[in-house]
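The values are calculated or read from the model by the stated rules, or taken from the named source; none is laboratory data. Just so it is clear, the structure is predicted and the values come from calculations on it, not from any experiment. Neighbour counts run over all protein chains shown; Cβ positions are idealised from the backbone, glycine included. Remember, those area values only see protein heavy atoms, side chains included, never the ligands or the DNA or RNA. Shrake-Rupley method; radii C 1.70, N 1.55, O 1.52, S 1.80 Å.
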Amino acid sequence: MTEMANEILLLTTGGTIDKLYFDALSEYRIGDSVVGRLLATARVAQPFRVVELMRKDSLELTDEDRAAIVQAVREAPNARIVITHGTDTMADTARAIGGIGAAENKTVVLVGALAPARFAESDAPFNLGMAVAAVQTAAPGVWIAMNGTIFPGDKVRKNRAANTFEAA
Ligand code: GLU
């Protein structure tokens with residue numbers, strides 16, 4: 001495998017994983033992505049590249065935004081792609097990417113966090129670690145790495161009441 005084929009491409013789209021808390025405003029905003037820093041802290045030895053696509057809560061993603069994510073996956077030369085994404089509509093984006101993964105021999109893993117990475121008790125580093133592992137080991141196709149589980153991207157939903165992902 002060449003260095004390029006080996007490289008993990010991380011596309012960031014926003015979501016809680018990258019949220020910042022503005023105390024004075026009592027609201028969250030999406031800040032610079034923490035993804036590169038988390039991978040550097042973990043001393044990830046795989047070549048990787050982080051590309052910011054957008055900074056949005058996933059409830060605010062439009063059809064055009066989702067089409068841009070699909071296009072970025074299709075056009076990337078990489079065979080290993082991790083997408084950070086808000087959890088509320090992560091399964092919708094996984095379905096939109098759909099067959100591209102398997103058809104183009106790409107392993108695509110979507111991941112997010114239920115608590116911001118900037119919080120001490122966040123699931124972000126664990127989830128991102130799972131996604132980086134899955135993108136190197138899962139078959140071509142689309143996957144979601146959440147709650148300690150690798151779900152097939154077309155057979156998963158978020159259970160909002162329980163705040164967890166489950167098979168669908
Ligand atoms: N509304 C948020 C989103 O989907 C939910 C929390 C999260 O990011 O996981 O972007």
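The set of residues from segment 88-109 being among the polar types (S, T, N, Q) and modelled with pLDDT of 95 or more comprises Thr89, Thr93, Thr107. Residues of segment 114-127 that are closer than 19 Å to Ser58 by Cα, under 13 Å from the mean Cα position of the chain (by Cα) and open to solvent by 50 Å² or more (accessible area, probe 1.4 Å): Leu114 alone.
One residue stands out in segment 128-138 among those that are open to solvent by less than 30 Å² (accessible area, probe 1.4 Å) and free of Cβ contacts under 8 Å to residues at least 60 places away in the same chain: the one that is farthest from Met54 (Cα to Cα), namely Ala138. Looking across segment 139-151, the residues that are open to solvent by 40 Å² or more (accessible area, probe 1.4 Å) and closer than 17 Å to Asn163 by Cα come down to Asn147, Gly148, Thr149, Ile150. Output yes when any residue across segment 118-132 is in contact with a strand residue (DSSP E or B) (Cβ under 7 Å, 6 or more places away or on another chain), within 16 Å of the ligand (Cβ to nearest atom), part of a loop (DSSP other than H, G, I, E, B) and at pLDDT below 95, and no when none is. Yes, segment 118-132 has at least one match. Could you please give the count of residues in segment 49-107 that are more than 16 Å from the ligand (Cβ to nearest atom), in a strand (DSSP E or B) and open to solvent by 50 Å² or more (accessible area, probe 1.4 Å)? The number of residues fulfilling the criteria is 2.
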